[in-house]
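I have placed the structure first, in the form of structure tokens, so that the comments after it can refer back to it.
The values are calculated or read from the model by the stated rules, or taken from the named source; none is laboratory data. Just so you know, these numbers come straight off a predicted model, no measurement behind them. Here the Cβ positions follow ideal geometry from the backbone for every residue, glycine too, while neighbour counts run over all protein chains shown.
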Amino acid sequence: MKADSANAVKVFKKAALSNSPVVFPTDTIYGIGAGFFDVFANEKIIKIKKREADKPFPVLISDMKQLDDLKIVVTDKTKKILEKSWPGPFTFILNTELEGYSYAVNSAKLAVRLPDKKWLRETIRFMGTPITATSANLSGKHYVGEFRNIFEIFKRDVDYFLYEESCFRENTPSTIVDVSDEEINILRNPLSIDMKDLQ
């Protein structure tokens, strides 16, 4: 279905009934994901992508309040960085007190993003849970941004798809910033962000 708030809610609700993942456009690239706490759906994604179990999925939230659902407590310094950068193409590595959920939690840390796409934030808010969102490609294979190609890759294993005529930011992945320690580190920087712009 074409991606908008109404269609996305329908698709994610239906997929959740059968613990199934959804392929959908974010504000950066197409992702494949499910409700964060849906263990079965997320384990399916690992198998579908042939992804190594120790490579955690990023997580999308609808607003800063959902950090509480993920048991993330941020310092005042970190909160200022998040508020300056979100919503937008920034994934932040944050400390969490959640246990389990190894498909997303790694060494008591989570990669979290607040997307700059209104219908997606509204969908996450309506679903009442953060959602996982790993890139829509097979592990180790080059990401191809055209929906037609993505559909061909996943059509045998995924029943639910949302699409847009084009993704924003020309299929550029998010910038990944580790703010889990005192020292801030940019781990992936496709937009060549300067560290001082984050602070």
Of all residues in the stretch 49-62 being crowded, with 17+ Cβ neighbours inside 10 Å and more than 14 Å from the chain's Cα centre (by Cα), the one that is nearest to SER20 (Cα to Cα): LYS49
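To keep it simple, each residue is scored yes or no on (1) under 27 Å from SER180 (Cα atoms); (2) of a type in the set (Val, Ile, Thr).
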{"site": "MET64", "(1), (2)": "yes, no"}
{"site": "ILE72", "(1), (2)": "yes, yes"}
{"site": "GLU83", "(1), (2)": "yes, no"}
{"site": "ILE93", "(1), (2)": "yes, yes"}
{"site": "ALA111", "(1), (2)": "yes, no"}
{"site": "ASN149", "(1), (2)": "no, no"}
Taking the stretch 64-87, which residues are at positive phi and of a type outside the set (Lys, Arg)? none
Go over the candidates PHE161, PHE90, PHE147 one by one and state the one that is over 22 Å from ALA53 (Cα atoms), at pLDDT below 95 and surrounded by 17 or more Cβ atoms within 10 Å (Cβ to Cβ). PHE147
Go over the candidates LYS65, LYS109, LYS77 one by one and state the one that is farther than 25 Å from ARG156 by Cα and at pLDDT below 95. LYS77
Scan the stretch 58-73 and report the pairs whose first residue is closer than 15 Å to ASN95 by Cα and whose second residue is aromatic (Phe, Trp, Tyr) and crowded, with 22+ Cβ neighbours inside 10 Å, with Cβ atoms within less than 7 Å and a gap of 6+ or a chain change. VAL59/PHE36
Taking the stretch 112-160 on its own, how many of its residues are under 17 Å from the mean Cα position of the chain (by Cα) and outside any helix (DSSP H, G or I)? 21
Take the residues in the stretch 164-199 that are touching a strand residue (DSSP E or B) at 6+ places or on another chain (Cβ under 6 Å) and among the hydrophobic types (A, V, I, L, M, F, W, C); name whichever of them is surrounded by the fewest Cβ atoms within 10 Å (Cβ to Cβ). LEU187
Give me the pairs: first residue in the stretch 9-25 and closer than 14 Å to THR132 by Cα, second residue crowded, with 18+ Cβ neighbours inside 10 Å and of a type in the set (S, T, N, Q), beta-carbon distance under 7 Å, and six or more apart or on different chains, which are they? PHE12/THR123
Single residue of VAL112, VAL105 found to be over 18 Å from SER174 (Cβ atoms), free of Cβ contacts under 8 Å to residues at least 60 places away in the same chain and aliphatic (A, V, I, L, M): VAL105
Selected residue [crowded, with 17+ Cβ neighbours inside 10 Å, within 30 Å of GLY140 (Cα to Cα) and aliphatic (A, V, I, L, M)] from ILE46, ILE81: ILE46
Output the residue which, of all residues in the stretch 172-199 that are among the polar types (S, T, N, Q) and assigned to a loop (DSSP other than H, G, I, E, B), is farthest from the chain's Cα centre (by Cα). GLN199
Given the condition of a type in the set (Val, Ile, Thr) and touching a helix residue (DSSP H, G or I) at 6+ places or on another chain (Cβ under 8 Å), answer yes or no: does some residue in the stretch 165-175 qualify? no
